[in-house]
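Below is one structure, written out as structure tokens; the observations come after it.
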Amino acid sequence: MAERAIEANELSKRYGDDVQALDGISFSVEQGTVFGLLGPNGAGKSTTVKILTTLSHPTAGSASVMGFDVTSQAAEVRKQIGVVAQSSTADREATARENLRLQGQLYRMGGRDLEDRIDSLLDSFSLAADGDRIVRGFSGGMERRLTIAMALVHRPKVLFLDEPTTGLDPEVRAEMWEEISELASGEGMTILLTTHYLEEADMLAGNLAIVDQGRIVAEGTPDALKKELKGDAIQVGLGDSRDQAEVTAALGAVDGLSEIIIHERVLHARAEDGARSVPTILSALDAAGIAADTVTISRPSLDDVYLKYAGRTMEQAEKNQNEEVAA
Amino acid sequence: MNLFNDTWHMAQRHIRALIRQPWWIAVTLVQPIIWLVLFGGLFTNMEKTPGWPAGVTFHEFIIPGVIVMTAFFSAGWGGMAMIDDLNRGIIDRFLVSPVTRSSITTGRLLSGFITIAIQSLIVLALGWIMGADYPGGPLGMLVLILIAGVVGFGFGAFSNGLALIIRKEESLIAMMQFLLLPLTFVAAAFIPLALAPNWIEAAAKFNPVNWAIEAGRSALLDGSPDWGLIATRTGLLLVFGALMAAFATRAFSSYQRTV
């Protein structure tokens, strides 16, 4: 039973009478994998994390972490998990080392074992030189690294990362991604991360669920989700300048090809199955005496996936959310 | 056992912060010093009022009151740090760990107790420099400090509980201000209750601040302290503290329900 690190069954959460934050969310995460919850702000990602980390109780449904029920066995769940919240939760008036020490003590660690662990974490998060500095003077990236190190002190089996890179500048974000990938590849830790960055989910998560308005609207690997869209972008670099009409006529016989556009000696088109269409396209071009230099096929992005399942772009969804909050 | 360890670890965090900003203790001492110097100077003639306790100077009389009030004020503001921790997600970080829930409050109360003990010693020393005599001796001082600590525990728990419920610094300031002054003046802090209007004397019977001042004053200033009075008042204060601790615990679970 223990091969599933996280199981969520029909989780619902209501706040008061009119806020339905979660509306029956189910998913499971296998041990040692990275699972992403992707969705706009307010979709219910953070609420899901709060329930799975025993902070909040579901109104209906159940969930377990490493086989322990999050409501009836909360104490056991807490020993298994590490949590990195959206913003830094380090004590800014204390040093990095003191923060890590208290965090270990919360998990009943102590003595040599704890001090060794602190040293090795400071080391691996490039904070060794700053261990005895007060956190108030840290840069955003340093504080973020400390927050993650704190969540790892007690060697959790499951790590929750709630919007790990929100509010970080691009450089630090790239650094964080590297850090998270490394965590995922070593030690067989299970990671659940929430994000509203499509790029981030694509890059880090082996499996992901797209959450919209408290429900999961799609689930699978990033690639599988994108494949369902059945529309690969194809770009063919042409040997010389050609007319739009000429090329369109040449490709008239190719099945499932649409949106043919010539732009600066590059042919852009959308194909249901890119890999299969390419040979046909090339021979059609050849037959018409049009030379082709290069071919690229690109999968649809998660942006497109979100648009398909939620019926709106993520940007639009966040805008609506903000308007609701403001109203 | 876990509760004691957890409380101590949590308290260390606050104690360290205090040691790093020692000026904070100085700031909280401004008010008691103003009371001692200003009130002490202004109202010395109170000593000549009929009904004033024999052999006690005005200075000496107000020292236990100043100590208890200092404890009560600094504990009353304790909730502000709780709100800060709530806003920064630090409380949630504690809650997702196996740490004893109550240590989140008891750690603060323990560090508050230590602060109160330090402040009390400073006020006692200041009073002594200004010529006050403490017939109760070291035992009297110790009892007074412990009583101030118990007051601090009760009001600290109350302030923390309130912080968890209202979660806004402005509202907590308003609530505490609404409470602190009346409780200070419906007590025998500056004059014996016998000299106060009857309604104040009656109301003071229900005021934990007054229980502490009366007991602490007897311990510090009476050559032979009224141990019966000290015991009953301390007992009442412990009951008050237990009620406030229960309130803080309830407030905690109400906070968790809203997460």
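Every number here is computed from the coordinates shown, using simple stated rules; none is lab data. Computed from a predicted structure; not experimentally measured. Here Cβ is always computed from backbone atoms with ideal geometry, including for glycine, and neighbour counts include all displayed protein chains.
With q set to 0.06, 0.13, 0.14 Å⁻¹, the log10 of I(q)/I(0) for chain A, from the Debye formula over equal scatterers at the Cα positions, is -0.29, -0.98, -1.07.
Both radii were evaluated on the Cα set of chain B; the Rg over Rh quotient, with Rh as the Kirkwood radius, amounts to 0.99. Suppose R0 equals 45 Å. What FRET efficiency, 1/(1 + (r/R0)^6) with r the Cβ-Cβ distance, do B:ILE19 and B:TRP227 give to the nearest 0.05? In this case the efficiency is close to 0.80. Viscosity 0.692 mPa s, temperature 37 °C: what is the translational diffusion coefficient of the stretch B:17-157 from Stokes-Einstein with a Kirkwood Rh over Cα pairs, rounded to a whole number of µm²/s? Rounded to a whole number, D works out at 197 µm²/s.
Counting neighbouring Cβ atoms within 10 Å and putting the fewest first, the residues A:GLU200, A:GLU219, A:GLU228 line up as A:GLU228, A:GLU219, A:GLU200. For the protein assembly as shown, lysine pairs separated by 8 or more sequence positions, or belonging to different chains, with Cα-Cα distances below 25 Å total 21.
What FRET efficiency comes out for the pair A:GLU264/A:LYS227, r = Cβ-Cβ distance, R0 = 35 Å, nearest 0.05? Mind showing how you got there, number by number?
On the way: r = 29 Å, r/R0 = 0.83.
E between A:GLU264 and A:LYS227, to the nearest 0.05, is 0.75.
Stretch B:ASN5-B:ARG250 to full length: gain in nm at 0.36 nm per residue minus the Cα-Cα span?
Working: separation 245, 0.36 × 245 = 88.20 nm, distance 2.24 nm.
Taking B:ASN5 through B:ARG250 to full extension adds about 86.0 nm, to one decimal.
The fewest-to-most ranking of B:GLU169, B:GLU214, A:GLU315 by surrounding Cβ atoms within 10 Å reads A:GLU315, B:GLU169, B:GLU214.
The modelled label-to-label distance between A:GLU178 and A:SER126, using points 7 Å beyond Cα along the C-beta direction, is 0.6 nm.
Could you put A:LEU208, B:LEU121 in order, starting from the residue whose Cβ has the fewest other Cβ atoms within 10 Å? Please list the in-between numbers first.
On the way: A:LEU208 29, B:LEU121 13.
Final ranking by Cβ density, sparse to dense: B:LEU121, A:LEU208.
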